[in-house]
Amino acid sequence: MTSQQVQSGSTGRRSKWLGVGMGALLLAFALWNVPLDAVRSALAEVSIFTLVAIAALTLLQQAFRTARQRVLLEPLAPGIGWRRQLTIFFAGFLAIAVFPARLGEFARPVLLERGHGLPVARGLAFVVAERTLDMLAVLIGLVWALGEADAGHPAGAVALGLRPYLGGAVVLLGCGFAVATFWGQAWVARLPRPTSSFGRRLYEAVTSFVAALAQFRGPRAIVGAGLLTVLHFACMVGSAWLLATQLELGDILTPLACLGILGITMIGLALPAPPAQVGVFEGSVVAATLVFGVPETLGAQAVAFALVLHWWPLSVHAIATWPLLAGDRMLWRELRSGVRRAASETPPPPEQPA
């Protein structure tokens, strides 16, 4: 075993335990002074009709995300059929939820390398492009939604104070992605080529990465992917608002406030987290409900809102993934080993919300 592998394993263990600690802390925050019996009563109020509607919106959302994946992958790996696109997306998304320490972000690049010969570094460029679109949508939506924040609550006042900085982050992120896409290759070409083995591998990975980003210069991919990003966020907002209405929070949590809650939650998911974001998701949602005016007296409804918003769409996705994995019984085992290998050999993608 090389010193690099030992260091990688040690770092992975630290990340895992840091994620577990963060999840426990935020779960304790979400449940603080909230009677569990009241949470169970609130959960019992969620009707089968609402769950079916959220399941339908979840599947529609994932269809939009799969279509966006296809648009972004077409310049890098043309000709991948719809069934294979679905397998890559659904298995990759499930891996993000299941694997610790953000290792799941390598899942789709590994599947693209395994089945289509696309180098992992180029697959990571696709992931970064996708995550950048998501983050831009999150930040723009949050700047817009914070107009409904409760300025009378400390959490709302803090969020409103951050609003100008979030707007600045939109500009910086958009400009940074544009610079990397249009001029990244030229900048990397000016760098001296490293002489060490690790340095050469890193240089080759970065070169392949920026070359892949350059494939997104055309407006067709970015415009099409941007539109599909808006549509998949609209599905999430619809699910959140349906659930809020069912839990008698609809008068407080308007569709725009639900967009803000999703934005805060997705930023929260960039924190270290255990598998499936246990606790981190719930704590982020409950904190976001405070920003938009849900009082502490409705804490049980806020916790129920967080639990259903987290676990029901994830369960629907897992159930939908099973038939795809059943057709390739070795895929999950190979994916686990491939993700570990890619994580040890390739610089990881940025930690952005799932």
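The values are calculated or read from the model by the stated rules, or taken from the named source; none is laboratory data. The model shown is predicted, which means the values in this text are computed figures rather than measured ones. Neighbour counts are summed over all protein chains in view; Cβ atoms, including those assigned to glycine, are modelled from backbone coordinates with ideal geometry. Ligands, DNA and RNA are excluded from the accessible area calculation, which covers all protein heavy atoms including side chains. Shrake-Rupley method; radii C 1.70, N 1.55, O 1.52, S 1.80 Å.
Show the residue pairs that are 6+ apart or on different chains and have beta-carbon atoms under 8 Å apart, the first residue being within segment 114-125 and assigned to a loop (DSSP other than H, G, I, E, B), the second being buried (at least 23 other Cβ atoms within 10 Å of the Cβ) and modelled with pLDDT of 85 or more.
L118/P109; L118/L112
Looking only at segment 270-283, filter to residues that are closer than 14 Å to L309 by Cα and in a loop (DSSP other than H, G, I, E, B); which one of those is most open to solvent (accessible area, probe 1.4 Å)? Can you show your working first?
Step one: filter segment 270-283 for residues closer than 14 Å to L309 by Cα, giving 276-283.
Next, from what is left, pick out any that are in a loop (DSSP other than H, G, I, E, B): 278-279.
Details: V278: 57, G279: 0 Å².
Result: V278.
Out of L325, L290, L298, report the one residue that is open to solvent by 20 Å² or more (accessible area, probe 1.4 Å), hydrophobic (A, V, I, L, M, F, W, C), part of a helix (DSSP H, G or I) and touching a His at 6+ places or on another chain (Cβ under 9 Å). If you could, list the steps in order and put the result at the bottom.
On the way: L325 fails: touching a His at 6+ places or on another chain (Cβ under 9 Å); L298 fails: touching a His at 6+ places or on another chain (Cβ under 9 Å).
Only one candidate qualifies: L290.
Can you name every residue in segment 240-267 that is open to solvent by 10 Å² or more (accessible area, probe 1.4 Å), touching a residue at least 24 places away in the same chain (Cβ under 8 Å) and not hydrophobic (A, V, I, L, M, F, W, C)?
Of segment 240-267, the ones open to solvent by 10 Å² or more (accessible area, probe 1.4 Å) are 241-242, 245-246, 248, 250-252, 254-256, 259, 262, 264, 266-267.
Next, from what is left, pick out any that are touching a residue at least 24 places away in the same chain (Cβ under 8 Å): 242, 246, 248, 252, 254, 256, 259, 262, 264, 266-267.
Within segment 240-267, Q246, E248, T254 qualify.
Within segment 274-293, restricting attention to residues that are modelled with pLDDT of 95 or more and β-branched (V, I, T), which residue is farthest from V39 (Cα to Cα)?
Restricting to residues being modelled with pLDDT of 95 or more and β-branched (V, I, T), the top hit is V291.
Check off (1) touching a Pro at 6+ places or on another chain (Cβ under 7 Å); (2) buried (at least 22 other Cβ atoms within 10 Å of the Cβ) for A121 and give me the number that stays unchecked.
Only one criterion is unmet by A121, namely (1).
Going residue by residue through segment 90-111, is there one that turns out to be of a type in the set (A, V, I, L, M, F, W, C), at pLDDT below 85, out of contact with any Phe, Trp or Tyr (no Cβ under 7 Å at 6 or more places or on another chain) and not in a helix (DSSP H, G or I)?
Checked segment 90-111: at least one residue is of a type in the set (A, V, I, L, M, F, W, C), at pLDDT below 85, out of contact with any Phe, Trp or Tyr (no Cβ under 7 Å at 6 or more places or on another chain) and not in a helix (DSSP H, G or I).
Could you list, in sequence order, the residues of segment 215-239 that are surrounded by fewer than 18 Cβ atoms within 10 Å (Cβ to Cβ), of a type in the set (A, V, I, L, M, F, W, C) and more than 18 Å from the chain's Cα centre (by Cα)? Steps first, please.
First, the residues of segment 215-239 that are surrounded by fewer than 18 Cβ atoms within 10 Å (Cβ to Cβ): 217-220, 223-224, 226-227, 230-231, 234.
Those still in the list that are of a type in the set (A, V, I, L, M, F, W, C) too: 223, 227, 230-231, 234.
Across segment 215-239, the qualifying residue is only V223.
Are any residues in segment 23-80 outside any helix (DSSP H, G or I), surrounded by 14 or more Cβ atoms within 10 Å (Cβ to Cβ) and among the charged types (D, E, K, R), and if so, which ones? Break it down stepwise before answering.
Within segment 23-80, the subset outside any helix (DSSP H, G or I) is 32-35, 45-47, 74-80.
Within this subset, residues satisfying the condition of being surrounded by 14 or more Cβ atoms within 10 Å (Cβ to Cβ) are 34, 46, 74-77, 80.
Selection gives E74 alone.
In this structure, does A180 turn out to be assigned to a helix (DSSP H, G or I) and either buried (at least 22 other Cβ atoms within 10 Å of the Cβ) or at pLDDT 95 or above (or both)? Please lay out each step first, then the result.
Numbers: assigned to a helix (DSSP H, G or I): yes; either buried (at least 22 other Cβ atoms within 10 Å of the Cβ) or at pLDDT 95 or above (or both): no.
Criteria not met by A180.
Restricting attention to segment 49-97, report how many residues are under 30 Å from A244 (Cβ atoms) and charged (D, E, K, R).
Of the residues in that region, 2 qualify.
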